[in-house]
Every structure is written in C-alpha cells, then in structure tokens.
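*Asks:* A single structure is presented below for examination.
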Amino acid sequence: MQADEIREMTEADIRARIAELEEERFRLRFRGATQPLEDPLRLRVLRKDIARLNTVLRERALTTSGR
C-alpha cells in the first residue's frame, strides 16, 4: 500500500483499514506462535502498512489543527 493511495482515502476508510490490518496481524502472530507461517514476512508488511496509515492520519490531524 502506497502513501499516495492512502491519501486518497477518507479518514473513516483509513481507520477501518487499520482495524482490519491489526486483526490480521493479531491472527498471524497467534498462528506463528503455534505453527510455522507460510509467509513470515507478511507480519513486517502489515506492520509497515499500519504505520503508513497512522502517519497519514497524523498528518491530517496536524494540518487541521493549524500547526
């Protein structure tokens, strides 16, 4: 997921996507504790996507607050 794609999304869409990715990350971490994962790098990708989403939310919060 690219930052440009995220910037085109609404705030509600971004928050929903964060929730989806957090859920998937939780399930993968849980599964990884009990069995080997097919794609262990997926955890890294999820973490970075969540960070990108949160960064765009923070940028929007700073621009609306006038900083």
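*Asks:* May I ask you to give the solvent-accessible area per residue for the chain, in square angstrom, as obtained with a 1.4 angstrom probe?
*Replies:* For the chain, the per-residue accessible area is 77 Å².
*Asks:* Where a ≥ b ≥ c are the square roots of the eigenvalues of the C-alpha gyration tensor, would you call the chain rounded, which needs a/c under 1.5, or, failing that, prolate if a/b is larger than b/c, or oblate?
*Replies:* The shape class here is prolate.
*Asks:* Can I ask one more? What's the angle, to the nearest 10 degrees (0 to 90), between helix 41-65's Cα axis and the longest principal axis of the chain?
*Replies:* Compared with the principal axis, the helix lies near 20 degrees.
*Asks:* For the chain, what is the mean residue ellipticity at 222 nm derived from helices alone (per DSSP H run of n ≥ 4: -39500 (n - 2.57); sum divided by total residues; nearest 500 deg cm²/dmol)?
*Replies:* Value at 222 nm, helices only: -27500 deg cm²/dmol.
*Asks:* What percentage of the solvent-accessible surface of the chain, computed with a 1.4 Å probe over protein heavy atoms, is contributed by carbon and sulfur atoms?
*Replies:* Carbon plus sulfur share of accessible area: 50 percent.
The values are calculated or read from the model by the stated rules, or taken from the named source; none is laboratory data. The shown structure was predicted, so the numbers you read here are calculated from the model rather than taken from an experiment. These area figures cover heavy atoms from the full protein model, side chains too; ligands, DNA and RNA do not enter into them. Shrake-Rupley method; radii C 1.70, N 1.55, O 1.52, S 1.80 Å.
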